[in-house]
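Everything on this sheet refers to the single structure shown next.
All of the numbers you see were taken from the coordinates with simple rules; none came from a lab. Since the model is a prediction, treat every value here as computed from it, not as a measurement. Neighbour counts are summed over all protein chains in view; Cβ atoms, including those assigned to glycine, are modelled from backbone coordinates with ideal geometry.
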Amino acid sequence: MRSPYLTALLLASCSLPVFEQPVPVSEAVVQRVAFGSCVLQGQPQPIWSAIADTDPDVFIFAGDNIYADTWDVSIIERKYRQLGAEPGYQALRSHLLAKGPGRLLATWDDHDYGENDAYRTYPKKRESRRLFLDFFEEPENSARRQHDGIYDAVLYGPPGRRLQVILLDTRYFRDAFDQSEEALKAGKKSGGPYAPTSDTKRTMLGREQWAWLERQFEQPADLRLLVSSVPLVPDDYTTEIWAMMPHERNRILGLVARSGNTIILSGDRHYTEMSRMQHSQDGLTAPIYDFTSSGLNRIWEGGAKQTNRWRIEASHAVHNFGMLSVEYGEDPAVTVEALDESGKTLIRHRIRLADLKQR
Ligand SMILES: [Fe+2]
């Protein structure tokens, strides 16, 4: 028999298509969420046991989960098999599955989608999508399999302690970025360095994913984690970031600010950092946090030294993963940590959700 709680949820959501009815994947409270990005298959991955040691309720792959870098679908398949055969990863997966359904989440970035800096023109995106969904054991009849791309949202827990995780697809629908002047002078027609575009017709998410995303923000939740493979707040870089499409960045920052309960999780950069900006619109201002954790076994020391005007903690170019510990209740808060593969804390920052409200 369906619980009154589920019935109320279904009634509240009857304007949505059947496949989008926001029923929590589990009523169990999720308090510890780990995430990470950028893992090169075939290289040692001691970090998996460090993640399992923290006893997360959920783990989120934030992209570059394998380095496919090919138009040959059999290579993508082989690299997923390699990741799946990694003993540390297998142990973490079993640990999570024992806790219940929906505990292992993923989105992709360029390298697992297909190739470096790939966007909507990548020719094998349909095949790659199928391999991604198969690897992460997406049920055959799931809502996620009914639309293009791999975006998804998951709810956990009862009202008052409800967590929503939104997984963006920043690849399948994304238009081209503009090459910077420096790149053009060097004769580079693609692959960056990039510069922000003034063409407001270009999109990061595509029309359908935008409409879907706006509906997700209408779902009741006490805390939202918005997972974007590429950083959203940092705007000083010339790599792939939302700031290359300022109109799209502004639009999503508006959604985050209005929600008053969203923290952004990102990857791609091969080091960990914490960014915070103030976003103002319609006379109201809210702080927006973007926590980058990357990579699980790949780092970029030069990147960690680049200027990021919004960085609020020292960056660390060591193998790392992110851990969020949620306190629900009267004065809900999230402690955000980056840990290295020995379990040492690199970054620690506590965010009171009351402070995220627009003022
Ligand atoms: Fe990437």
Taking R0 as 30 Å and r as the Cβ-Cβ distance between T121 and A354, the FRET efficiency 1/(1 + (r/R0)^6), rounded to the nearest 0.05, comes to 0.10
Along the charge dipole of the stretch 4-344, which of V29, Y67, L225 sits closest to the positive end, that is, farthest toward it, with unit charges on the beta carbon of Lys, Arg, Asp and Glu (+1, +1, -1, -1)?
Y67
Counting other Cβ atoms within 10 Å, keep those with at most 11, restrict to DSSP loop, and tell me which trypsin sites (Lys or Arg not before Pro) in the stretch 238-319 are left.
R309
Could you work out the relative contact order of the chain? I mean the mean sequence separation of Cα pairs under 8 Å and 6+ apart, divided by the number of residues, in percent.
17
Backbone HN-Hα couplings from phi across the stretch 217-233 [Karplus 6.51/-1.76/1.60, Hz, Gly and Pro as x]
5, 7, 6, x, 7, 8, 9, 10, 10, 9, 9, 10, 4, 9, x, 10, 7
Calculate one ³J(HN,Hα) per residue across the stretch 304-313 by plugging θ = phi - 60° into the Karplus curve 6.51 cos²θ - 1.76 cosθ + 1.60, and present them in order as whole Hz with x for glycine and proline.
5, 8, 5, 5, 9, 4, 9, 5, 10, 9
Which of E273, E330, E182 moves most in a GNM of the chain, Cα contacts under 10 Å?
E330
What distance in nm lies between label points placed 7 Å from Cα along the C-beta direction at K201 and R276?
4.1
Defining a contact as two alpha carbons under 8 Å apart and six or more residues distant in sequence, what relative contact order in percent does the stretch 165-323 show?
20
Out of residues 5 or more away from S26 or on other chains, whose amide H comes under 5 Å of its own, with H placed 1.01 Å from N in the peptide plane?
G157
Name the residues whose placed amide hydrogens come within less than 5 Å of the amide hydrogen of I351, ignoring near sequence neighbours (fewer than 5 apart) on the same chain.
V334, T335, V336
Residue-ordered couplings for the stretch 335-348, obtained by feeding phi - 60° into the Karplus form 6.51 cos²θ - 1.76 cosθ + 1.60 and rounding to whole Hz (Gly and Pro as x), are 9, 9, 10, 10, 10, 8, 6, 9, x, 6, 7, 9, 9, 9
In terms of the Cα gyration tensor, with a ≥ b ≥ c the square roots of its eigenvalues, is the chain rounded because a/c is under 1.5, prolate because a/b exceeds b/c, or oblate?
rounded
Percent of beta bridges antiparallel (DSSP, the chain, rounded to nearest 5)
65
Ellipticity estimate at 222 nm from DSSP helix runs (n ≥ 4, -39,500 (n - 2.57)) divided over the chain, nearest 500:
-7000 deg cm²/dmol
Springs between alpha-carbon pairs under 10 angstrom, Gaussian network model over the chain: which of A257, A28, A338 fluctuates most?
A28
I want to check the label-to-label distance for Q82 and K305. Put each point 7 Å from Cα in the C-beta direction and report it in nm to one decimal.
3.0
Residues meeting the amide H criterion for A153 (H placed from the backbone, H to H distance under 5 Å, 5 or more places apart or on another chain) are L167
Short to long, in 5 Å steps from zero, the percent of alpha-carbon pairs of the stretch 58-104 per bin is 5, 19, 22, 23, 16, 10, 4, 0
